[in-house]
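Undergrad: Before we start, here is the structure in question, set down as structure tokens.
The values are calculated or read from the model by the stated rules, or taken from the named source; none is laboratory data. As the structure is a computational prediction, the values presented were derived from the model and not from experiment. Please note: Cβ atoms are built from the backbone with ideal geometry, for glycine as well, and neighbour counts cover all protein chains shown. Side chains are part of the model used for accessible areas, which takes the heavy atoms of the whole protein and leaves out ligands, DNA and RNA. Shrake-Rupley method; radii C 1.70, N 1.55, O 1.52, S 1.80 Å.
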Amino acid sequence: MDTENPSAPSRVQSAVGAKKHPIQRPRAGGLIHENSRHTANFTVIGNHLAQHPTLSGLAIGLGVYIQSLPAGARVDIKTLAVRFPEGAIRVARALRELEAEGYLRREPERGPDGRIITRTTSCNQPGRPEDDHPPPTGAAPSRKKQAPRRELPPVPRPACPAPALIRRATDLLAGLYREDRRLLLSERDTEHLAPGVAAWLERDVSPTAVREALTTDLPAEPLCRPAALLAHRLTTRLPPPPPFRAPEPPPPVRHPFQTCESCDRAFRAPEPGHCRDCRPDLLEAA
């Protein structure tokens with residue numbers, strides 16, 4: 001038990017030597033890049049999109065594809081479903097993912113013909129403004145000016161804007177929200193549209209017909225400017241004036257029956273007196 005063993009180590013050695021640390025060992029596998037510099041026909045994509053931690057692979061691929069397209073390209077669900085084999089349902093789900101993360105903005109917008117279209121905006125850096133230049137040191141922070149309110153399209157005007165006619169038109173516009181909740185108008189918009197409705201009422205169009213012309217076949221998309229849509233319809237769908245009708249002649253005057261004071265004969269006259277045969281002036285002239 002007390003015999004010395006010369007082959008035993010003098011102290012316990014570390015299982016990993018200094019020159020054989022696991023971090024410094026050459027790995028057998030792993031990614032190797034073979035990169036070539038692009039000089040034309042390429043797109044710069046941020047790693048925040050290409051390596052997004054929560055987006056699905058389809059959403060990342062669609063985001064990269066959309067950022068590589070030129071301005072004006074169609075990126076609606078139907079077009080993307082034709083381009084990719086995943087189908088319209090999965091493409092729509094991926095677009096919603098990109099929209100939720102800020103890489104896409106889809107906003108309804110009215111075209112020149114009055115139809116509602118969807119305008120898609122691609123953001124390569126979500127959350128950062130377009131003009132991302134920091135202000136100089138010591139400069140006061142600039143306040144972004146709000147865009148001016150766009151004016152509504154003009155509407156027809158009645159030939160005789162009587163107060164009673166304008167009041168009927170205003171009441172009709174104020175009740176449109178009962179037909180469609182999206183047609184709840186402000187006081188300013190109602191004041192602008194009232195002469196257009198009055199022009200329809202002046203042309204012998206019933207209030208029911210005016211209400212149907214303004215509320216039938218509305219687009220299914222959200223209405224950003226319902227007053228502009230109503231102004232467009234009041235102008236483009238204005239019916240022609242009614243045909244000219246000559247005034248009817250007044251009916252003949254029929255006096256009540258009177259009894260002659262001389263011969264008791266009945267005759268028509270505005271006042272009691274004598275009949276034609278008994279009038280003194282007629283007898284003297286005869």
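Undergrad: Give me a count of the residues in the range 100-116 that are under 26 Å from Ala228 (Cβ atoms) and either open to solvent by 70 Å² or more (accessible area, probe 1.4 Å) or in contact with a helix residue (DSSP H, G or I) (Cβ under 7 Å, 6 or more places away or on another chain) (or both).
TA: Residues flagged as under 26 Å from Ala228 (Cβ atoms) and either open to solvent by 70 Å² or more (accessible area, probe 1.4 Å) or in contact with a helix residue (DSSP H, G or I) (Cβ under 7 Å, 6 or more places away or on another chain) (or both) within the range 100-116 amount to 10.
Undergrad: Please work out if Gln67 is in contact with a strand residue (DSSP E or B) (Cβ under 7 Å, 6 or more places away or on another chain) and closer than 20 Å to Pro126 by Cα.
TA: yes
Undergrad: Still on this structure: Kindly indicate whether any position in the range 217-238 is free of Cβ contacts under 8 Å to residues at least 24 places away in the same chain and over 27 Å from Ala159 (Cβ atoms).
TA: yes
Undergrad: Any residue at all in the range 26-39 that's surrounded by 14 or more Cβ atoms within 10 Å (Cβ to Cβ) and of a type in the set (A, V, I, L, M)?
TA: Within the range 26-39, none of the residues are surrounded by 14 or more Cβ atoms within 10 Å (Cβ to Cβ) and of a type in the set (A, V, I, L, M).
Undergrad: Now for a separate question. Residues in the range 47-75 that are surrounded by 13 or more Cβ atoms within 10 Å (Cβ to Cβ) and not aromatic (Phe, Trp, Tyr): how many?
TA: 16
Listed here are the residues, each with its yes/no results for (1) within 25 Å of the chain's Cα centre (by Cα); (2) modelled with pLDDT of 95 or more; (3) farther than 24 Å from Glu221 by Cβ.
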position	(1), (2), (3)
Pro148	yes, no, yes
Glu151	yes, no, no
Pro156	yes, no, yes
Leu165	no, no, yes
Arg181	yes, no, no
Glu191	yes, no, yes
Ala209	yes, no, yes
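Undergrad: I would also like to ask the following. Can you tell me how many residues in the range 178-195 are under 15 Å from Arg225 (Cβ atoms) and part of a helix (DSSP H, G or I)? Full working, then the answer.
TA: Here is the first cut: in the range 178-195, the residues under 15 Å from Arg225 (Cβ atoms) are 180, 182-186, 188-190, 192-193.
Those left that are additionally part of a helix (DSSP H, G or I): 182-183, 188-190, 192-193.
Residues flagged as under 15 Å from Arg225 (Cβ atoms) and part of a helix (DSSP H, G or I) within the range 178-195 amount to 7.
Undergrad: Let me ask something else. Mind checking which residues of the range 94-123 are out of contact with any Cys (no Cβ under 8 Å at 6 or more places or on another chain), in contact (Cβ under 8 Å) with a residue 12 or more places away in the chain, under 16 Å from Ile60 (Cα atoms) and not polar (S, T, N, Q)?
TA: Ala94, Leu95, Glu97, Leu98, Glu101, Cys123
Undergrad: So which of Glu107, Glu86, Glu97 is charged (D, E, K, R), in a loop (DSSP other than H, G, I, E, B) and either at pLDDT 85 or above or within 22 Å of Leu223 (Cα to Cα) (or both)?
TA: On inspection, the qualifying residue turns out to be Glu86.
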